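Asks: Quick one: the structure is below, and I'll ask about it shortly.
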Amino acid sequence: MNVESPVRVEDKLYYNRYLVDIGHPHVKVRAHTTPSPQLLALLKACPARCYELNDNGQVEITVDGCIECGTCRVIAEPTGDIEWSHPRGGYGVQFKFG
Amino acid sequence: MIEERFDAIVVGAGMAGNAAALTMAKRGMKVLQLERGEYPGSKNVQGAILYADMLEKLIPEFREEAPLERHVIEQRFWMMDDRSHVGMHYRSDEFNEERPNRYTIIRAQFDKWFSSKVREAGATLLCETTVTELVRDERERIVGVRTDRRDGEIHADVVVLAEGVNGLLGTRAGLRARPRPDNVALAVKEMHFLPRETIEARFNLKGDEGVVIEAAGTISRGMTGMGFIYANKECISLGIGCLVADFQRTGQTPYGLLDQFKSHPSVAPLVAGSEVKEYSAHLIPEGGYKSIPQLYGEGWVVVGDAAQLNNAIHREGSNLAMTSGRIAAEAIGLVKSRGEPMSAANLSIYKKMLDDSFVIKDLKKYKDLPPLMHTQSQNFFLTYPQLISKAMQNFVRVDGTPKAEKEKATLKSFVKARSWAGLFGDACRLARAWR
């Protein structure tokens with residue numbers, strides 16, 4: 001029942017249209033040595049799986065597939081773990097259907 | 001700085017922003033609307049059901065031109081366990097009326113049309129423009145906005161914050177609190193395309209008739225959440241949402257939940273063979289009445305999802321957004337027509353008008369339900385659906401057991417799972433919160 005299904009989020013994101021603002025990520029993770037519980041929660045809670053653990057056990061973000069829901073902001077901005085802004089005008093996900 | 005001065009700046013081109021901008025432009029006010037997406041709707045996500053009454057108040061003739069999908073003639077509620085669902089369906093030919101009450105829509109397409117009406121009414125729309133900051137004067141009043149365009153400062157008498165559930169401006173400026181994990185849900189959704197004849201056959205529909213299904217139960221794995229399936233003309237909107245606090249607590253993944261819902265034996269045949277064309281996610285305000293923030297201040301008002309105006313019980317959000325946008329605009333129009341400044345004291349009329357509308361009255365009615373659902377999620381979303389499913393199976397399966405024994409077994413399973421006191425308490429709590 002609680003076994004993680006082998007869902008490939010990348011395949012889902014492939015359906016979407018993005019205008020990536022190269023070099024201007026709209027969400028940033030604060031530098032850390034050991035991630036907080038809030039940061040670790042993002043590995044699972046982010047619906048686009050933008051957050052990943054690197055080899056040193058730190059949480060990293062790649063915003064290219066972000067669908068701008070704000071879940072990570074709600075969880076990890078209060079602790080200062082991440083900085084969240086909207087993408088610059090015209091950039092980011094552009095929903096065809098919404 | 002842009003020298004031109006506006007009567008009002010509306011931040012956002014969703015339901016609330018469009019309703020506000022349209023209402024003010026129709027009154028002859030000079031309105032500037034700012035939208036960060038490439039086109040209106042490109043950042044907006046909803047199930048989506050449109051309630052005719054609230055749009056009719058803004059655009060009476062909308063049925064002739066708006067991109068509507070299907071008018072809803074049937075509502076299904078499903079209580080699900082892993083292999084079954086207990087359903088309550090309401091279908092009526094009366095919904096095949098000349099002016100139907102509810103429609104399914106596709107937001108990106110609908111919002112483009114809605115925005116065209118706003119511009120026809122005389123408002124100026126600037127897309128691809130992210131508002132980065134509110135501008136204050138020396139007396140701390142909001143007097144305009146700063147955008148990410150060059151020379152991006154623009155001034156107006158009043159700023160309408162229609163920036164959505166995840167709006168940054170109001171929270172950064174300290175006008176309201178950031179949404180908390182326990183008062184917003186995260187919903188994920190896929191658009192499944194199928195030939196329209198296939199959809200009509202699978203959902204028992206003819207012509208433009210439509211069906212919506214709302215589902216709760218073990219699909220949310222004990223979290224406070226709901227699934228939905230809405231029939232559009234040539235696609236099906238399928239999604240599921242749960243409280244962010246529950247995702248955080250359980251470590252469940254939104255996409256894992258979505259794929260499990262999609263493969264449920266009651267759901268899979270409805271979308272079999274479909275082509276998925278989009279995957280989206282959005283936050284939904286779930287806090288209800290108790291999480292509504294300060295709605296107005298010196299030179300500003302907040303409307304729609306940004307103000308947490310969402311009826312989680314009836315799954316109504318966009319009509320509250322439209323109505324709050326319209327009422328805020330009417331209040332602003334009233335202040336302007338008296339030639340008075342857009343001060344907090346004068347703008348307080350917006351709250352008075354909203355209090356008198358169904359928006360606040362409905363949210364007040366259910367003010368205790370969100371906390372109940374959020375703290376009792378294991379019972380309401382896991383235990384009861386399983387018990388009810390077993391009871392139904394016990395009722396319909398014929399196996400030679402005397403009926404009295406079957407009923408006894410059903411009752412016993414309820415008492416065992418929740419105890420008499422628990423059952424009584426749950427019933428009382430639910431009744432009290434509903435009333």
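Asks: Give the number of residues within segment A:23-43 that are assigned to a strand (DSSP E or B) and among the basic types (Lys, Arg). Outline the logic, then answer.
Replies: Step one: filter segment A:23-43 for residues assigned to a strand (DSSP E or B), giving A:27-29.
With the extra rule that they be among the basic types (Lys, Arg), the set shrinks to A:28.
Of the residues in segment A:23-43, 1 are assigned to a strand (DSSP E or B) and among the basic types (Lys, Arg).
Asks: Can you tell me which residue among A:Val7, A:Val63 is within 21 Å of B:Phe247 (Cβ to Cβ), within 7 Å of chain B (Cβ to nearest Cβ) and not aromatic (Phe, Trp, Tyr)?
Replies: Values: A:Val63 fails: within 7 Å of chain B (Cβ to nearest Cβ).
The conditions single out A:Val7.
Asks: Looking at segment B:216-316, what helices (runs of 4 or more DSSP H) fall wholly within it and have at least 1 residues that are β-branched (Val, Ile, Thr) and either touching a Leu at 6+ places or on another chain (Cβ under 7 Å) or in contact (Cβ under 8 Å) with a residue 12 or more places away in the chain (or both)? Spell out the reasoning first.
Replies: Working: elements: B:244-250, B:254-262, B:268-271.
Hits in segment B:216-316: B:244-250, B:268-271.
Asks: Pick out the one residue from B:Ser324, B:Ser266 that is outside the structural domain of B:Val11 (by TED's automatic domain parsing) and among the polar types (S, T, N, Q). Explain how you work it out, then say what you get.
Replies: Details: B:Ser324 fails: outside the structural domain of B:Val11 (by TED's automatic domain parsing).
From the options B:Ser324, B:Ser266, the qualifying one is B:Ser266.
Asks: Now, a different point. Are any residues in segment B:173-215 within 18 Å of B:Ile292 (Cβ to Cβ), free of Cβ contacts under 8 Å to residues at least 12 places away in the same chain and in contact with a helix residue (DSSP H, G or I) (Cβ under 8 Å, 6 or more places away or on another chain), and if so, which ones?
Replies: B:Arg178
Asks: Still on this structure, I have one more. Determine, yes or no, whether B:Gly170 is in contact (Cβ under 8 Å) with a residue 12 or more places away in the chain and not in a strand (DSSP E or B). Before you say what the answer is, go through the steps one by one.
Replies: On the way: in contact (Cβ under 8 Å) with a residue 12 or more places away in the chain: yes; not in a strand (DSSP E or B): yes.
Yes.
Asks: Working only within segment A:46-62, note down all residues that are of a type outside the set (Gly, Ala, Ser), surrounded by fewer than 18 Cβ atoms within 10 Å (Cβ to Cβ) and not in a strand (DSSP E or B).
Replies: A:Asn54, A:Asp55, A:Asn56, A:Gln58, A:Thr62
Asks: A further question follows. Can you tell me which residue within segment A:66-87, out of those that are at the interface with another protein chain (Cβ under 10 Å from one of its Cβ atoms) and surrounded by fewer than 21 Cβ atoms within 10 Å (Cβ to Cβ), is farthest from B:Thr132 (Cα to Cα)? Before the answer, list the steps.
Replies: Initially, segment A:66-87 is screened for residues at the interface with another protein chain (Cβ under 10 Å from one of its Cβ atoms), giving A:66-78, A:84-87.
This time we only want the ones that are surrounded by fewer than 21 Cβ atoms within 10 Å (Cβ to Cβ), so: A:77-78, A:84-85.
On the way: A:Glu77: 17, A:Pro78: 19, A:Trp84: 12, A:Ser85: 9 Å.
Ranking the qualifying residues of segment A:66-87, first place goes to A:Pro78.
Results for (1) small (Gly, Ala, Ser); (2) surrounded by fewer than 12 Cβ atoms within 10 Å (Cβ to Cβ); (3) under 27 Å from B:Thr129 (Cα atoms), shown as yes or no for each residue.
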| position | (1), (2), (3) |
| --- | --- |
| A:Tyr15 | no, no, yes |
| A:Lys28 | no, no, yes |
| A:Lys44 | no, no, no |
| A:Gly89 | yes, no, yes |
| A:Val93 | no, no, yes |
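Asks: Quick one: which of B:Val131, B:Val118 is surrounded by 24 or more Cβ atoms within 10 Å (Cβ to Cβ) and either away from chain A (no Cβ under 12 Å) or more than 24 Å from the chain's Cα centre (by Cα) (or both)?
Replies: Details: B:Val131 fails: either away from chain A (no Cβ under 12 Å) or more than 24 Å from the chain's Cα centre (by Cα) (or both).
Answer to the selection: B:Val118.
Asks: I've got another one for you. Give B:Gly333, B:Gly299, B:Gly339, B:Gly304 a once-over and let me know the one that is within 12 Å of the chain's Cα centre (by Cα) and not aliphatic (A, V, I, L, M).
Replies: Numbers: B:Gly333 fails: within 12 Å of the chain's Cα centre (by Cα); B:Gly299 fails: within 12 Å of the chain's Cα centre (by Cα); B:Gly339 fails: within 12 Å of the chain's Cα centre (by Cα).
Only one candidate qualifies: B:Gly304.
Asks: If you go through segment B:100-116 one residue at a time, do you hit one that is of a type in the set (D, E, K, R) and at positive phi?
Replies: First pass over segment B:100-116, keeping only residues of a type in the set (D, E, K, R): B:102, B:107, B:111-112.
Those still in the list that are at positive phi too: none.
So far as segment B:100-116 goes, no, none of its residues is of a type in the set (D, E, K, R) and at positive phi.
The values are calculated or read from the model by the stated rules, or taken from the named source; none is laboratory data. No experiment lies behind these values; they were computed from the predicted model shown. All Cβ positions, even for glycine, are placed from backbone atoms using ideal geometry, and neighbour counts span all protein chains on display.
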